[in-house]
Structure formats: C-alpha cells, structure tokens
Amino acid sequence: MLVAYEKKLAAVETHLAGLATLRELAGLHGVHHSTIEKWIHNYRTFGREGLRRSKTRTRYTEPDKIAAVKCYYEEQQTLYGVCRKYKIHSISTLQNWIIKYEAKLSLGIGEAK
C-alpha cells in the first residue's frame, strides 16, 4: 500500500511530538509499525525529502559499504545509527552488506576490500 507523502510527514511529526505511538499510527495508516520506523529513519536521515518515493536507486561504492560495515562492528553502532551516518535508506541494505562481509571472512578470504 502506498501512502502519500503528506500522510507520512504528518505521521512522523505526530510521533516525534509524542502524540501517538508507532502502533497507533500504523493502525491509522494501515501499515506495519516497522514501516513507520522506516519513515522516521528516512526523515531523520534525509529530512522531509526522505519521505518521498525515489525514482532512482542509490548506488553505493565498495569502500563506502566496507566503511559502513566496519562502523557497525568497530563503533558498535546500531543498524539505524550506521544508516543515518552513511545516508543508507534501508537497514536491510546494510544487513546484506554485513552478511556478504561475514561470508568473505568465513571463506578465509581475509578482510574484505
């Protein structure tokens, strides 16, 4: 279900003002509460524009991917914290990078590039 930009913005601002819980807003908009969390992450990371649907896919360089994964491990940041720091739209993107990084290490390839 696609939710209009204006409704996403209203939901995020309502939650950040402490006027409604994630679950209350999720029920109101017919989405899972994790969707509201993603909206909040994108709002905090990219501002209001983070709530608009992107027409292009973001490309990340290999060094940026490795830096984000290392930040997760070495600085013990949360997934959302690393995503915010490196301007990554989705925690699932970072999770995939972590899985690939760990696979390279377990295969004895050594530290990923």
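In this structure, THR58 does not satisfy being surrounded by 13 or more Cβ atoms within 10 Å (Cβ to Cβ) and of a type in the set (S, T, N, Q).
Scanning region 58-87 for residues that are touching a residue at least 40 places away in the same chain (Cβ under 8 Å) and touching a Leu at 6+ places or on another chain (Cβ under 8 Å) yields a count of 2. On the basis of being within 30 Å of MET1 (Cβ to Cβ) and surrounded by fewer than 10 Cβ atoms within 10 Å (Cβ to Cβ), does GLY30 make the cut? Yes.
When you look at LEU105, is it assigned to a helix (DSSP H, G or I), among the hydrophobic types (A, V, I, L, M, F, W, C) and more than 25 Å from GLU6 (Cα to Cα), yes or no? Judged against the criteria, LEU105 is a match.
Highlighted here are the helices (runs of 4 or more DSSP H) found entirely within region 31-87 that include at least 3 residues which are under 20 Å from GLU102 (Cβ atoms): 62-74, 79-86. Only a single item in (1) surrounded by fewer than 16 Cβ atoms within 10 Å (Cβ to Cβ); (2) at pLDDT below 90 is not met by ALA112, and it is number (1). Take the conditions free of Cβ contacts under 8 Å to residues at least 60 places away in the same chain and not in a helix (DSSP H, G or I) and apply them to ALA20. Does it pass? Answer is yes for this residue.
Listed here are the residues, each with its yes/no results for (1) more than 28 Å from LYS8 (Cα to Cα); (2) more than 11 Å from the chain's Cα centre (by Cα); (3) among the small types (Gly, Ala, Ser).
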| position | (1), (2), (3) |
| --- | --- |
| LEU25 | no, yes, no |
| GLU62 | yes, yes, no |
| LYS70 | yes, yes, no |
| VAL82 | no, no, no |
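The values are calculated or read from the model by the stated rules, or taken from the named source; none is laboratory data. Predicted model only: the values in this text are computed from it and were never measured. Please note: Cβ atoms are built from the backbone with ideal geometry, for glycine as well, and neighbour counts cover all protein chains shown.
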